[in-house]
Amino acid sequence: QVHLVESGGGLVQAGGSLGLSCAASGSIFTINTMGWYRQAPGKQRELVAAITTGGATNYADSAKGRFTISRDNAKNTVYLQMNNLKPEDTAVYYCNARKLISASLYLNNYWGQGTQVTVSS
């Protein structure tokens, strides 16, 4: 079992920045990818960005150029720096950890409790 604890988030004006962090504990050896998803009211949860233990990253088109994901393997922590935030970025952001087998196959899928990000116009 892997336990994920998120921090960060909050309220920011459009054009501002926020940072999120997520610390993993437990059976870390069972995961190799950590990332962030978000879910806005009435919408499906969607990938924002993910990063593997080796540092390979994957970003949603909406995040490219504005968000940066990074990780500290020694601390088992993943970070998401969000710049130039837009009102449409408003959502609950969830930390995710999994063992990625291939682009579409994964095991051991874990979720954090979620943190609210609100961007005012």
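Taken over region 67-94, residues that are of a type in the set (Asp, Glu) and either in a strand (DSSP E or B) or surrounded by fewer than 14 Cβ atoms within 10 Å (Cβ to Cβ) (or both) amount to 2. When region 95-121 is filtered for residues that are open to solvent by less than 60 Å² (accessible area, probe 1.4 Å), in contact (Cβ under 8 Å) with a residue 60 or more places away in the chain and hydroxyl-bearing (Ser, Thr, Tyr), the ones remaining, listed by number, are 110, 115, 118, 120. Entry remark, region 47-64: residues being outside any loop (DSSP other than H, G, I, E, B) and surrounded by fewer than 18 Cβ atoms within 10 Å (Cβ to Cβ) number 4 in total. Summed over region 1-36, residues that are assigned to a strand (DSSP E or B) and either open to solvent by 40 Å² or more (accessible area, probe 1.4 Å) or small (Gly, Ala, Ser) (or both) total 14.
The values are calculated or read from the model by the stated rules, or taken from the named source; none is laboratory data. Predicted, not measured: the structure shown is a model, and the values here were computed from it. Note that each Cβ is placed from the backbone with ideal geometry, even for glycine, and that neighbours are counted across all protein chains shown. Just so you know, the surface numbers come from the protein's heavy atoms only, side chains and all, with ligands and any DNA or RNA stripped out. Shrake-Rupley method; radii C 1.70, N 1.55, O 1.52, S 1.80 Å.
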